[in-house]
Structure formats: C-alpha cells, structure tokens
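Q: Would you mind keeping the following structure in view while I ask a few things?
The values are calculated or read from the model by the stated rules, or taken from the named source; none is laboratory data. Since the structure is predicted, the reported quantities are computational estimates derived from the model, not experimental observations. In this analysis, Cβ positions are derived from the backbone assuming ideal geometry, glycine residues included, and neighbour counts consider all displayed protein chains. Calculation scope for accessible area: heavy atoms of the full protein, side chains included, ligands and nucleic acids excluded. Shrake-Rupley method; radii C 1.70, N 1.55, O 1.52, S 1.80 Å.
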Amino acid sequence: MTDFLQMIASGIAVGSSYALMGLAMVIIYKTSEVVNFAQGEMALLSLFLTYMVLEFHGVPYYVAFPGALLFAVFLGCFLEFAVLRRAKEPNVLGMIIITIGLEMILMGFVSWKFGADQKTMPFPIGPYESVAIGEVFVSSLEVLTFITAIVLMTILFLFFRYSKLGVAMKATQQNSMAARLMGIKTKRILMITWGISSLVGCTAGLLIAPTTMQPYMMWDPMLKGFAAAVMGGMTSLPGSVFGAYLIGIIENLFGGYISIEFKSVVAFFIIVLVLCVKPSGLFARHFVKKV
Amino acid sequence: MKRNGIWIMSLASALLLALSFGAAAEEGVTDTTINIGQWGPQTGPAAAWGSVARGTGVYFKMINDEGGINGRKIEYHMFDDAYNPAKTKAGVKELQEGKGMFAWACGVGTAPGLSVKDYLMERQIPWVGPAAGSLHWISPPQKYLFAVYPLYYSEAQILTKYAVETLGKKKVAIVYQNDDYGKNGLAGAEKQLAKHGLKLVAQVPAEVADTDMKPHVMQLRKAEADAVLLWVGPGQAARMVGTATAMQYQTRWMSTSTCSDFPFMFNITKGLWKGVIAATFGELPDSTSPLMVKYKKAFDEFAAKDERWGLFFYAGIGFVEPMVEGIRRAGRDLTRERFVKEMEGITNFKGILGRIDYAPFEPSDVYSRQGQKEVFLVECLDNGGYKKLTDWMEPD
C-alpha cells in the first residue's frame, strides 16, 4: 500500500512540471492554433541567463527570479513581434515550422554560449530535501511545483473566463476577422499571449533547473506537457493540467507494476488511445467554425 | 629550339612521375602532414563528453608545436555529430572521401562508433581508441581497430568483486542504461556475482530520456539492495542519487568510469556524490607525474579559456597516445600497413592511462586488439577529491 501511495505521490509530483509546460502551450494554442515547439527553449534562454547572473554576478534570488520572469515575458513578445508576425501569408503549418526553427536557434545559442556541461541552478530550496507524509516521500521542490501549477492554472482560468483581455484572446482564436471588426487589436493580443505563455514556461523551467540543467533539459518536459495538453483537448487549461497529472501517475504506476522499460513511452500510447476514442481530447469543447 | 623542347618535355614528364609517386604514398599523408579525423558530440544530450575530442586537439597542437612526428605535422579534422549515428556516418564519409584521412582517433559513444565501424574496416582505415568501453570493438577483433578504453564489462566485474569481497555486500543491484553500454555492465556484474554464488537482487533498466527516477529508486528499496551499481550517464546518475536521498533510501553507490569525473559529479549533485566508489582508467587530475604535468602545461597554453581540466578532457589525450607512438615508430615511411605493424608491437606502454599491450592480429584472441585491461577504484571525497582505494586491477 505504501508503494502504491508513493507511486501516486510521485506521479503527481512529476505531473506538476508537465502541467506547467502544458499550460504554456495551451495559452498560445488557444489564441492562434499554433503549437509552439520553441516553448521549452524560450524558457531555456531565460534560465541560463538567470544562472549566469546568480552564479557569476552575485545577484540575489529575489532580483534574479523576478528578473527571469520579466525577461521571459519580453522574449515571448519579442519573438512574436520580430519573427512570427513577419511570416508572409501565414498559415498554421508554416507557423509551427517557424517555432521548430526558433527552437533550434535558441538551443544552439545556449549550447554555444554556456557549453553543454551539466550545471546546477542555485535555488533557495535544496532540490533533494524531502517532506515525509507517513511513509511517502515528496521533495520540497515538488511540493512547491505542485502549488505553483495549481495556483497558475487557477489564475489563468479566471483570467480567460472573466477578464476583458482574456475574453479578447478567446475571441481572437475563434474568429480573428470578427474580433478585429469589434475593435480588438488582434496583433497586440497575440503578442501578449506569447508573453504570458513564455512566463509560464519560464516558471516551469525555474522549478526544473535545480535538479537538471543542461541545454537539453526542457525537451522532455515540453513533449510531455504537449502530450498532456493534447489529452486535455489543447484548448482547455484545467484539461491540460488534469492530463499532465494523469500522465505522471500512469507513468509511475506502469513503471512500478508492469515495466519500467516502457515507462516513458506509455504516455504516448495512452494519447493515441484517447485520440482514437475522443479525437478532440478529454476536456475540449472545441469551437466549430460555421461555414 | 627542338632540343630545348625535348628537354622541357622530359623534365615535365619526370616531374609528373615524381608527383604521381608522391601521391601514391598513402592516403592522408603528405611530406609534411598527416590527416587524422575524429567525431565528438559538441551539442545534444551527450555533449558533456565532447571534451574528449577537444583534448585530442590540444595534444596534437602540442605535438605540432614540438615539430610534429618525423617531420610531419598532424592536421586534425574534428566534427560535431551530436551523438547522432546518422550524423557520424555522414561526417566520416565526407571527410574520408573528401579530404582523405590517414586514420581516425577516439570518437565518443558506442552507437556513433558502430555506425562507422564497418565502413572504416572495409576500407582498411586504422581507428585507434574509441571513447567507449564496448565489447563491440574487439569481438571479433578487427585488424585495423585498436581499442584503448578498458571494457565496461571488466569494470563491472572489478566493482562487484570489491563490493562483495572487500565491503562484504550480499545484496548487489544495478541500474543500467537500457542500451549496449548499460548491458555490458549488467553482464559483467552478473558474471562476477555468479562466481561468489550470488545473484543481482534487482536489475533496473533506465531509458536515456528518463528524468523521473523515483520508480527506479523504489525498486531498489523494495529489493533492499545494500550496494548499487549505477551504469547510466552522469546526469541520470546524479538524479538517481538525489532522488534516493529525497526518498531517504541509503545504500553504497558504485559507478562506472563514465561517472568518475568527481569534481564534476560532486558539483552537479550538490555534494551528494561524496562517498561514491567508481572505477577509473587514467591518472587523477592533480597527478604530478611528468607526463600529466606536461599535458597540463599544454592545456594551459592551447585550450580554450573556459575549458576544464577534467578526466574526459585528458582522456582524449590518453586514448591517442598509443596512436602517436605507432606513427612515431613507423618513421618517415608511413603507410597504414606499416602503422598497424608498429601498433601491434606496442607492449607494456605506459602513458597517462593504464598499461597498454597489443599483439599481432589473431582473430580468436580478442585481447590482441584491447590495449588497456586494467582500472582502479576511487572514492569521492569532499569537494570532489579522490581517494585511491586500490591499485591497478585486472578482472580475474
């Protein structure tokens, strides 16, 4: 029984970082239907710059971390403004290819500037300190990640549901022409979306970096986050978070009881299953354009 | 006028003849240069090992600075394959068929190396010191392939022997990377335990992409393993030890030479690597042996300024020391056949790694092409210092 509970706890713990990445991807998808494969690497750049100022310039945490988040917002807005907006005759597929290109450029830049050696991000909480709940262990960092994921999800959910800007974002996705006619500055909306998404991605990165930090670190969380988002329906914020926890728990249970060898791929197998049964994901109420 | 014409004609043909003889000497060798190639991951998941190729580069620069080998300077052609076998193969073919390499040095990784092994061997191109301790290089032995890196299989045997005989451990487990590298370690551990009438209490495979190591730790905990061999990459090994600490599981961790760069491991585990026992195959970074001092000086002079003097950097030197010795012994008349013959004559050779012996090619004798067989064990101290636990050891 302890084993089972431990697996569930571990699943939730690992699911939290997938959830944050999933949220970040959903935000962009919600407004532009673009899957942003550069999500992880956008965070990567902010992380390595944070590492640089913390490690070599003696900047304290309370300046460096908010600074990282601010930089992430700026980077997101900048990439949208300087790269994606410049695409000629943009279509979704073209945009996705652009994000893949950005991913490669950012990863290449980080590898070149900082080298590929494993590093460790200084962090106020030791990455291997743990909290025991009965006989179940969870690391303090994982507790923090869990709380962050839930809080961010709630804020974003409320933001999209009730704030003027959030509704404008939704409108832009559903019909950008009509949105523009209603006086929404759709280009600015897209830019802000990229900024917010980059912020969430960077938060995920900051929580992953204390345990693993090298130029490749964001690829796996990004893929799993994407998988979670697909499972949740790509447009639903709670859906992507739920999907992420589900993937985390299934991975752990599968690893513990069936085969540790196929633990990492079982998530993708489940996604195929879900998509066969419910193609738009578990939670999506996808907007269908009328012809 | 006519006589002049004949003179010019005969001069020109003599020149042509001389040139064509010159070109026929050996691929990749001219009067003043020798072309040597190497691949190594400078980007991608295995980039931490990219320092091997840069170490070789610094060594060659030092040699050239001293005047080269027998009047020839080494032209070193290194490319980044990102640990991707498809890229390795394309890059090797491009350099071999475009520029013409006399021989290939090191090359990180089992999978990248395997992708070009047949290509190089079919063309009878020498390859010395693959930077991976795989059984594939020597079983069966290849005439033109000289392995240096001691076998992971032997390392596992020696570590297991130490765990059982010296530390008195009875419940040994292994976490192994689910590929050729990890499985070599698994096989070595099983073989050694069988000699003591024991079996592994747990064998836990880890995929390269696994970042969450809790399920792995849980299996170890369930098996109550009191010694665990970590046959995974450095990043994963760090996460294993960290996750185990977070889950308050304590055991005696042991690891392969791959994770024996202690200052690095100590740093990425934030100190948790202290007490880990690892096998290692070369002198320690602060060694004061004359060769190490000389190479350190070359490092200070030629390496990039943010380069680190770590095990894998100078391993890139150690792996090619026998190659340089072979070229030196071959003299001015450098051909591949001559080089191979001289390599076969290298016995009792001691550079900065262990003792290296080759023997004339014998298809049934794998050790005719496995240069180094010995390793020694070290324990990680505070701040990534080394404590030598044993002398050089060979498996039984």
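Q: Could you give the size of the charge dipole of chain A about its Cα centre, using +1 on the Cβ of each K and R and -1 on the Cβ of each D and E, expressed in debye and rounded to the nearest 20?
A: Working: 19 positive and 14 negative charges, 350 e Å.
Roughly 1680 debye, rounded to the nearest 20.
Q: Right, another one. Put +1 on the Cβ of each Lys and Arg and -1 on the Cβ of each Asp and Glu in segment B:101-225; which of B:TRP104, B:TRP127, B:GLN203 then has its Cα farthest toward the positive end of the dipole?
A: B:GLN203
Q: Name the lysines eligible as straight-distance cross-link partners of B:LYS341: C-alpha to C-alpha under 16 Å, and not fewer than 8 places from it in the same chain.
A: Once the sequence-local lysines are set aside, what remains near B:LYS341 is B:LYS143.
Q: Let me ask you something else. Using a probe of 1.4 angstrom, how much of the accessible area of the protein assembly as shown is carbon and sulfur, in percent?
A: 62 percent
Q: If you don't mind, another one. Choose one answer from B:LYS222, B:LYS373, B:LYS61: the residue with the largest mean-square fluctuation in a GNM of chain B with alpha-carbon springs under 10 Å.
A: Checking each option, the largest mean-square fluctuation is seen for B:LYS222.
Q: Which one of B:GLY326, B:THR258, B:TYR314 has its Cα pushed farthest toward the positive end of the charge dipole of segment B:242-327, where Lys and Arg give +1 and Asp and Glu give -1 at the Cβ?
A: Going by the charge dipole, the pick is B:THR258.
Q: State the answer as a single residue: which of A:SER46, A:THR211, A:ILE196 lies farthest towards the positive end of the charge dipole of chain A, with beta carbon charges of +1 for Lys and Arg and -1 for Asp and Glu, about the Cα centre.
A: A:ILE196
Q: Just to be sure I understand: with springs between alpha-carbon atoms less than 10 Å apart, which residue in A:PRO215, A:PRO122, A:PRO90 has the highest mean-square fluctuation in the Gaussian network model of chain A?
A: Top of the fluctuation ranking is A:PRO90.
Q: Mind checking the dipole of the protein assembly as shown: about its Cα centre, +1 per Lys or Arg Cβ, -1 per Asp or Glu Cβ, Debye to the nearest 20?
A: In debye, rounded to 20, the protein assembly as shown gives about 2060.
Q: Of the DSSP beta bridges with both residues in the protein assembly as shown, give the percent that are antiparallel, rounding to the nearest 5.
A: In the protein assembly as shown, DSSP labels about 40 percent of beta bridges as antiparallel.
Q: Please check segment B:207-247 for residues whose accessible area, probe 1.4 Å, is lower by 50 Å² or more when all protein chains are in place than in their chain alone.
A: By number: B:ASP212, B:LYS214, B:PRO215, B:MET218, B:ARG239, B:ALA246.
Q: Sticking with this one: Quick one: angle between helix B:234-246 and the longest Cα principal axis of chain B, in degrees between 0 and 90, rounded to 10, please.
A: 10 degrees
Q: Sticking with this structure for a sec: Just for chain B, what percent of DSSP beta bridges are antiparallel, to the closest 5?
A: Roughly 30 percent of the beta bridges in chain B run antiparallel, per DSSP.
Q: How large is the charge dipole for segment B:257-396, taken about the Cα centre, if only the Cβ atoms of Lys, Arg (+1) and Asp, Glu (-1) carry charge, to the nearest 20 debye? Before the final figure, lay out each step's value.
A: Details: 19 positive and 22 negative charges, 73 e Å.
Roughly 360 debye, rounded to the nearest 20.
Q: Under a GNM of chain A (C-alpha, springs under 10 Å), which listed residue has the highest mean-square fluctuation: A:GLY15, A:GLY115, A:GLY166?
A: A:GLY115
Q: Counting only DSSP beta bridges with both residues in segment B:25-180, what percent are antiparallel, rounded to the nearest 5?
A: Just about 15 percent of them are antiparallel.
Q: Let me ask another. State which entries of B:LYS305/B:LYS388; B:LYS199/B:LYS387; B:LYS117/B:LYS183; B:LYS195/B:LYS373 exceed 23 angstrom in Cα-Cα distance in the structure shown.
A: Pairs exceeding 23 Å: B:LYS305/B:LYS388; B:LYS199/B:LYS387.
Q: May I ask you to derive the relative contact order of chain B, considering only C-alpha pairs under 8 Å and at least 6 residues apart, and to give it as an integer percent?
A: On the way: 775 pairs, mean separation 67.9, N = 396.
Taking the mean separation of contacting Cα pairs over the length of chain B, I get 17 percent.
Q: Mind checking the angle between helix B:110-122 and chain B's longest principal axis? C-alpha axes, 0 to 90 degrees, to the nearest 10.
A: Approximately 30 degrees, to the nearest ten.
Q: Which lysines, on any chain, are close to B:LYS214 with Cα under 16 Å apart, when same-chain ones fewer than 8 places away are left out?
A: Straight-line reach from B:LYS214, under 16 Å: A:LYS263, B:LYS222.
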